[in-house]
Structure formats: structure tokens, C-alpha cells
Amino acid sequence: MIERVLVPTDFTIETEDLLGCIGELKNAGLKRVILLHVIDIHKAQGLAPMFERHAKEEIEHYADFATALELEAEALVVVGEVKKVIIEVANQNHVDCIIMGATTEGLIKGRLLGRTTEYITHRSERMLLIEKYNVLREGKEVYGKACRTTFSRILVPLDFSKESIRAVEQLQEFTEILKEIVFVHVIDNIKDFDLLDEQRAETISRLQELGKRFSGVNVRYSIPQGVPSEEITRLAETEDITLIILTARGRGEVKELLLGSTVEKVLRQTIKPVLLIPASRGREGERRKGE
């Protein structure tokens, strides 16, 4: 379950909206929120002490928001390299999930999610919830949240690999706040069209078997043909999806996650919120149980 989350903040307006997500997660078991502001050591230089004093005052307001929701809250201000500090704090505090925001404008222009978020998507062993925000006014820091109730209508792409099945296992822990799930398997590289109907029948049977795990939740299935990343992105739009769950793949002993070409492309293309589950999630869960 998501009991502990880390919310990095740079005090922009969309970060205040981002904190609204934690209220929904409370119904899924959230107990503790760690708020983090990192003062960039390369930019601050000799002004770091002044920035630190200001940040400590500002971040306490964010902590008050979490406390008002009857959650444990901790506010941290750290001087260092932003992307590395976020990973370190997440690991040191054994958080279940990191919650970050990204503007849809950046995605449309082809930038993944910003350098910091891109680094974390490849390096973090924690789940990463990436909320999205629409730019409402050019040249101004005015944003509108691109999602509503994050966990109301979830899209789960499956290729039946052990990594994608992990998304189903994780989703079972959110049953209390789920309303609708759309399982999708994209058929690509069709070699024999005569066998297409047979392949569809086998696929829907496998998806329905997974759907039986979610009693009381409306479960639907989609089996489109085409390029997986394009079909997933299109379906998320046409079905008015509120969250896409994606899983990364492991690279053995290398401390980095191989996201896979489909996951990379969806992250770049979609304007929908994404919950990224790392390949190491299962092993981390076992470590948490032993604490």
C-alpha cells in the first residue's frame, strides 16, 4: 500500500494543487507525507543560507495542509543537487511513492518531463506518480490541473510480461478508491491475419481472468491493433482516462531502470497522469515488510 509519500516542491502554483492528490490517497492507506524542498547548490552558491531560511518558512504552510487532513507530515529543506537529493531522501525514508508534477506544454514540445523528473523515472526504485497540468496562460505561471479524481478511471496496458502483471498486483491495493479499470492489450506485428480472431479470443480470456481480481469495480477490456504507444495514448484520450499505470523493466545490477520504448513514448506523448511502477517494486515491498 501507499503509506508514505515524498512530495518534492519548488513552491510553484501547480505544486500547491499537487498536494490535493494526497487527500485521495488517504482513503487508500496513506499515513505519512514528507515534503521536500531542495536548494540547488549550483545556483544558490553563497546565498544558500538565505534561501534556506525562506524555504523553511514556506514549506511549513504545505505541512499544515497535510496535517489538516490528519496525516503525519514532515517538512525538509536540503541544500544539494536536486535530482540526487530527491532519490536519496526517498530511499532514506523508505517512501512508497514520489509525487511530482509536469506541465503538458513540456510534453507537447517533446521534452520528457523536465530533467529532474526524467532522471527520477530512470533511477528511482519507488513508485512515481506524475500529475499533469495544462498551461492556461502563455508566459505566466498559471496552470490548471489536467486530471480530476486520479483513481476514478484507470488505464492498464498489459503485454502479459511479469513486469506488466505487477501493475495489476499493485492496483489491487487501491480497490477502495477504484471506480473503473480499462485493461488494454495492443496487438502489433501481425504475421497471420487468419489467426487474428483466435488471438483476440485468447487475449480477452486472459484479460478477463485478471479482471476477476477486482470484484465491485467496473472492469472493461480493449484490444486494439497498431503501435502500442500510439494506441495507449489515443485510448487514454477517447476513454477520458484519469490515470495510466505503466511498469518499468530492470537492468540487473545496474542502478537504473530500463523503461522500454513503449513506456518512454507514452510518457512523452500523453497529457494524462501516470503512475510508474519500477521493476524492483516487488523486492522493495519485501524489504518494507521486514522493517
#### Entry: The lone exception for Asp17 - which of (1) more than 16 Å from Glu131 (Cα to Cα); (2) modelled with pLDDT under 85 it fails
(1)
### Task
Test Glu57 against the stated conditions and say whether it is loosely packed, with under 14 Cβ neighbours inside 10 Å, modelled with pLDDT of 85 or more, of a type outside the set (Val, Ile, Thr) and more than 30 Å from Glu169 (Cβ to Cβ).
yes
### Message
Looking at region 183-205, can you tell me whether even one residue there is at pLDDT 90 or above, in a loop (DSSP other than H, G, I, E, B) and not assigned by TED's automatic domain parsing to the domain that holds Asn91?
### Response
yes
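Do you know which residues across region 20-40 are modelled with pLDDT under 80 and assigned to a helix (DSSP H, G or I)?
Cys21, Ile22, Gly23, Glu24
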### Query
Looking at this structure, is Asp240 farther than 20 Å from Cys97 by Cβ and assigned to a helix (DSSP H, G or I)?
no
### Message
Being part of a loop (DSSP other than H, G, I, E, B) and modelled with pLDDT of 90 or more narrows it down to one residue among Val95, Val78, Val5; which is it?
### Response
Val95
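Scanning for something of a type in the set (A, V, I, L, M), within 19 Å of Phe11 (Cβ to Cβ) and part of a strand (DSSP E or B), does region 57-73 turn up at least one residue?
Yes, that holds for at least one residue.
For Leu210, state whether it is surrounded by 12 or more Cβ atoms within 10 Å (Cβ to Cβ), touching a strand residue (DSSP E or B) at 6+ places or on another chain (Cβ under 8 Å) and more than 15 Å from Pro157 (Cα to Cα).
Working: surrounded by 12 or more Cβ atoms within 10 Å (Cβ to Cβ): yes; touching a strand residue (DSSP E or B) at 6+ places or on another chain (Cβ under 8 Å): yes; more than 15 Å from Pro157 (Cα to Cα): no.
Taking the combined requirement at face value, the residue does not satisfy it.
Taking Thr116 as the residue in question, decide whether it is at pLDDT below 90 and not in a helix (DSSP H, G or I).
When the stated conditions are applied, Thr116 does not pass them.
The values are calculated or read from the model by the stated rules, or taken from the named source; none is laboratory data. These numbers were taken from a predicted model, which means no experiment stands behind them. Counting neighbours? That spans all protein chains shown, and the Cβs are built from the backbone with ideal geometry, glycine included.
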